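So the structure is just underneath, and the comments pick up after that.
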Amino acid sequence: MSNHRPNPSAEKIKVLIVDDSASVRTTLSAILSDDPEIEVMGTAADPYLAAEKIRKEVPDVLFLDIEMPRMDGLTFLRKIMGQRPIPVVICSSLASEQSDVMMEALAAGAVDVITKPRVDTKQFLTDSRMLICDVAKAAAHAKVRSGARKEVKTVVEAKQFADAVIPAISETRAASLRRSIPKTEPIVSIGASTGGTEALAAVLTSLPAESPPILIVQHMPEGFTAAFARRLNGICAVAVKEAADGDVVLPGRVLIAPGNRHMLLRRTATRYTVTVQDGPYVCRHRPSVDVLFRSSAQNAGANAMGVILTGMGDDGARGLSEMKAMGSHTVAQDEETSVVFGMPKEAIGLGAAAKVLPLQKIAGEILRHCASTGFTAKVAS
């Protein structure tokens with residue numbers, strides 16, 4: 001285990017970029033260097049050159065391609081995690097054939113995955129700049145194996161909130177909804193970001209097939225959520241799929257919001273479905289946890305349970321507070337077990353979490369709460 005952590009006296013996050021494409025190295029360097037909190041300490045065309053640079057100076061964050069000459073990125077990642085753990089962000093193309101490899105990389109210890117920036121449209125490049133820099137900062141906070149990370153003060157920039165996708169309701173309307181929403185089976189809404197892929201796997205593999213319906217927003221690029229859902233479906237008793245517009249919310253089913261699309265809970269009488277739609281970034285993310293949580297608060301009220309897991313930033317904190325105000329049971333992951341104690345910390349700070357629990361106790365809390373509502377499920381052995 002490595003005790004590596006960034007130099008506490010350093011003002012900038014030091015990033016090393018490893019990619020065999022000169023154009024990608026140039027574009028990533030330009031994007032990251034443009035952020036005043038980030039310094040690109042170097043680039044490398046393959047893992048062997050990267051290893052030489054790391055021996056001279058250990059970066060705070062490593063951006064790593066998968067397909068490279070002499071040694072592939074997945075092999076290099078495993079070597080890093082076994083010898084000198086560093087926060088690694090996998091930088092991939094949108095090719096669907098790479099999505100399963102990305103899941104292997106996340107399971108091997110990568111903290112996040114991004115798609116390679118394209119310069120073919122101005123909007124795509126603008127979105128890429130925001131997401132790439134945010135991912136670098138989140139990775140700098142991440143606990144990698146036993147290596148705790150330094151506190152990094154980040155600049156808070158203007159961002160849109162859930163109102164951009166789903167309007168807030170007045171207190172009068174909220175009070176009316178609390179009285180009028182019919183009692184139904186419980187529905188669990190979960191939000192996660194950096195470190196969330198493995199945290200979600202830990203929660204879902206601990207649940208039996210007879211579990212309540214679960215809706216998930218995991219911050220992940222377009223093209224990879226389907227592979228993530230397939231991976232979970234192969235290791236869980238519950239059925240897991242990438243959500244499609246109009247999917248029915250059913251016991252034993254887990255729906256994961258598609259990358260780059262918002263997912264909202266909808267109710268018609270006592271029947272629940274999900275809406276998957278485009279829309280602006282909310283809290284710098286699409287899909288946004290706040291959007292899912294607000295829709296859960298407004299449509300399910302006390303029938304809902306909200307869970308916020310590891311992640312950078314504050315997406316989900318306000319939505320979880322709205323869920324609690326509508327009578328939902330709310331839970332936040334604790335600091336000790338969070339890869340990045342950002343989103344849970346913000347929710348706890350707002351008083352949004354009725355309980356703060358370690359990751360290993362969250363599945364049990366889901367089952368206990370749902371059993372208390374009359375929903376019966378057995379704990380998986």
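The values are calculated or read from the model by the stated rules, or taken from the named source; none is laboratory data. What you see is a predicted model, and the numbers here were worked out from it, not measured in a lab. Virtual Cβ from ideal backbone geometry, glycine too; neighbours counted across all protein chains shown. Just so you know, the surface numbers come from the protein's heavy atoms only, side chains and all, with ligands and any DNA or RNA stripped out. Shrake-Rupley method; radii C 1.70, N 1.55, O 1.52, S 1.80 Å.
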message: Considering only the stretch 38-56, I want to know if a residue exists there that is under 20 Å from HIS141 (Cα atoms), hydrophobic (A, V, I, L, M, F, W, C), open to solvent by 20 Å² or more (accessible area, probe 1.4 Å) and at pLDDT 95 or above.
response: yes
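Quick check on my filter: what residues within the stretch 250-273 are part of a loop (DSSP other than H, G, I, E, B), open to solvent by less than 30 Å² (accessible area, probe 1.4 Å) and farther than 16 Å from ALA209 by Cβ?
ALA257, PRO258, GLY259, listed by residue number.
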- request: Go through the stretch 26-62 residue by residue and tally those that are among the charged types (D, E, K, R) and within 25 Å of the chain's Cα centre (by Cα).
  value: 5
field: Elements of type helices (runs of 4 or more DSSP H) contained in the stretch 20-111, each with 3 or more residues being closer than 27 Å to GLY234 by Cβ and not small (Gly, Ala, Ser)
entry: 73-83, 99-107
task: Read through the list (1) touching a strand residue (DSSP E or B) at 6+ places or on another chain (Cβ under 7 Å); (2) closer than 17 Å to PRO186 by Cα, then give the number of the only condition that VAL340 fails.
output: (2)
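Matching residues to (1) acidic (Asp, Glu); (2) farther than 26 Å from LYS12 by Cβ; (3) out of contact with any Pro (no Cβ under 8 Å at 6 or more places or on another chain):
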site: SER29; (1), (2), (3): no, no, yes
site: ASP35; (1), (2), (3): yes, no, yes
site: GLU57; (1), (2), (3): yes, no, yes
site: THR75; (1), (2), (3): no, yes, no
site: GLY82; (1), (2), (3): no, yes, yes
message: Just to be sure I understand, how many residues within the stretch 178-234 are of a type in the set (Asp, Glu) and in a helix (DSSP H, G or I)?
response: 1
Test: residue in the stretch 130-138 that is touching an Asp or Glu at 6+ places or on another chain (Cβ under 9 Å), over 30 Å from ASN303 (Cα atoms), part of a loop (DSSP other than H, G, I, E, B) and at pLDDT below 90: no
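Looking at ASN303, ASN299, ASN233 in this structure, which one is touching a Pro at 6+ places or on another chain (Cβ under 7 Å) and either in contact (Cβ under 8 Å) with a residue 40 or more places away in the chain or under 24 Å from GLY109 (Cβ atoms) (or both)?
Going through ASN303, ASN299, ASN233 in turn, the sole match is ASN303.
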- prompt: Which of the residues that make up the stretch 178-196 are over 17 Å from PHE293 (Cβ atoms) and open to solvent by 10 Å² or more (accessible area, probe 1.4 Å)?
  reply: ARG179, SER180, PRO182, LYS183, THR184, GLU185, GLY195
- prompt: Quick one: would you say LEU77 is of a type in the set (A, V, I, L, M, F, W, C), modelled with pLDDT of 95 or more and open to solvent by less than 10 Å² (accessible area, probe 1.4 Å)?
  reply: yes
- prompt: In the stretch 155-177, what residues are open to solvent by less than 60 Å² (accessible area, probe 1.4 Å), under 21 Å from HIS262 (Cα atoms) and either in a helix (DSSP H, G or I) or without any contact (Cβ under 8 Å) to a residue 40 or more places away in the chain (or both)?
  reply: ALA162, ALA164
field: Residue in the stretch 225-247 that is nearest to ALA297 (Cα to Cα), counting only those that are among the aliphatic types (A, V, I, L, M) and open to solvent by less than 40 Å² (accessible area, probe 1.4 Å)
entry: ALA243
- request: Would you confirm whether any residue within the stretch 204-222 is surrounded by fewer than 20 Cβ atoms within 10 Å (Cβ to Cβ), within 20 Å of VAL248 (Cα to Cα) and at pLDDT below 95?
  value: yes
The lone exception for SER296 - which of (1) under 30 Å from ILE86 (Cβ atoms); (2) in contact with a Ser or Thr (Cβ under 9 Å, 6 or more places away or on another chain); (3) not acidic (Asp, Glu) it fails: (1)
